[in-house]
1. Sorting Ser95, Ser159 on the 10 Å Cβ count, fewest up front, what's the list?
2. Name the residues whose placed amide hydrogens come within less than 5 Å of the amide hydrogen of Cys162, ignoring near sequence neighbours (fewer than 5 apart) on the same chain.
3. Give the peptides 285-291, 125-131, 115-121 in descending order of average Cβ contacts within 10 Å, highest first.
4. Students often get this wrong, so check it: of Lys150/Lys301; Lys78/Lys252; Lys69/Lys141; Lys150/Lys226; Lys226/Lys252; Lys141/Lys301, which have C-alpha atoms separated by over 29 Å?
5. Among the lysines, which fall within straight-line cross-link reach of Lys233, defined as a Cα-Cα distance under 21 Å, with same-chain neighbours fewer than 8 residues apart omitted?
6. Among Glu71, Glu218, which comes first, second and so on when ranked by fewest other beta-carbon atoms within 10 Å?
7. Taking the mean number of other Cβ atoms within 10 Å as a proxy for protection, how do you rank 260-266, 169-175, 41-47, 141-147 from highest to lowest?
Amino acid sequence: MRRLLLSAGWLGLLAVRAAAQGPTGSEGSLFLLLPTGAQAVGMGQAMVAGKPGSEGIWWNPASIADQDKRELAIHHSKTVAGVGDALTFVLPTRSYGTTALSLNILNIGEQQVTDDQGNVIGVILPRDVVLAGTYAAAVTKRLSAGINYKIVQLRVDCSGQCSSVGPNVESSRAVDLGAQYELEAGAPLSFGVAIRNLGGRINSREINRRDPLPTQVEVGALYRLKFIDHYVKDTELRVAGSYINSREFGGKSVRLGTDVMYQGKLHLRAGFVGHDRRGDASAALGIGLQSGGFVFDIAWKFGGLPADTGQSPVYVSLRYLF
């Protein structure tokens, strides 16, 4: 707990420092900027102040501090970058905060190795992997803080006769820090701040040079509009917004999202992401369903680079709370 409080205390200073740094990061590690989780994508990735369960680990580790149920989840994505799967187990305790263990794998796509006659003799499997351990706890009734410790790997594995090609593994380590603050205990307005991918260097697959990982700084807020229940019974509207600085990797962006929840079981989501550097924008739509301990979320992202290639990204999350 002492280390956690110290991390939270330095969070603001580190955010300023990270935003001011100038070196670019390794092209091979830019997969760390890809979104994880259908809830967040459906709300335009404006999730730094939200509490979406296990997928919140990848946006703000503090988001699981108040979670009261164990959770086993898989977050699947299919984008132009590859096929991603993030597995997470969340374990809350009554007195010692919440811990989680996550494994995130991006399969870039296998490549065949052929001999001089064109016969397939092996298969190359390039993959990007993140293993993350998370700890989060409530510092006060209004303030919570969390930390991720991540092992990042760029892997090139092979099967068959491909010894001349691989395998090859480039590894690094990184830390995520996050905090969330409610204006009042139980109030509808909450704030969040997170710094992701702090520290560490890694070789890209393109050039033999160790570059820093792509650090992101994000601040945002979420507001729960409960008065809508007077007009549409058992309905709640959540609106969220955030500002993110990805330094040299993606510039600055604004993210906006809404979530209409009916009877606590059905969610309809919409979101928007605008970038200053590329001048492009993307939109998203999402649906969520909950039945007992089972939660299903799906989101579609429109516009931006992935859509221009002809493949609209799809994100699916399956969660079990027990």
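Values in this text are rule-based calculations from the coordinates and carry no lab data. Predicted model only: the values in this text are computed from it and were never measured. Note that we place each Cβ from the backbone using ideal geometry, even for glycine, and neighbour counts take in every protein chain shown.
1. Details: Ser95 5, Ser159 13.
Taking fewest neighbouring Cβ atoms as first place, the list is Ser95, Ser159.
2. Under 5 Å from the amide H of Cys162 lies no amide H from a residue far enough along the sequence or on another chain.
3. By packing density, highest mean first, the sequence is 125-131, 285-291, 115-121.
4. Working: Lys150/Lys301 27 Å; Lys78/Lys252 24 Å; Lys69/Lys141 19 Å; Lys150/Lys226 37 Å; Lys226/Lys252 31 Å; Lys141/Lys301 36 Å.
From Lys150/Lys301; Lys78/Lys252; Lys69/Lys141; Lys150/Lys226; Lys226/Lys252; Lys141/Lys301, over 29 Å: Lys150/Lys226; Lys226/Lys252; Lys141/Lys301.
5. Cα-Cα hits under 21 Å: Lys265.
6. The fewest-first ordering by Cβ neighbours comes to Glu71, Glu218.
7. Working: 260-266: 13.6, 169-175: 17.4, 41-47: 29.9, 141-147: 21.0.
Ranking, from highest mean packing down: 41-47, 141-147, 169-175, 260-266.
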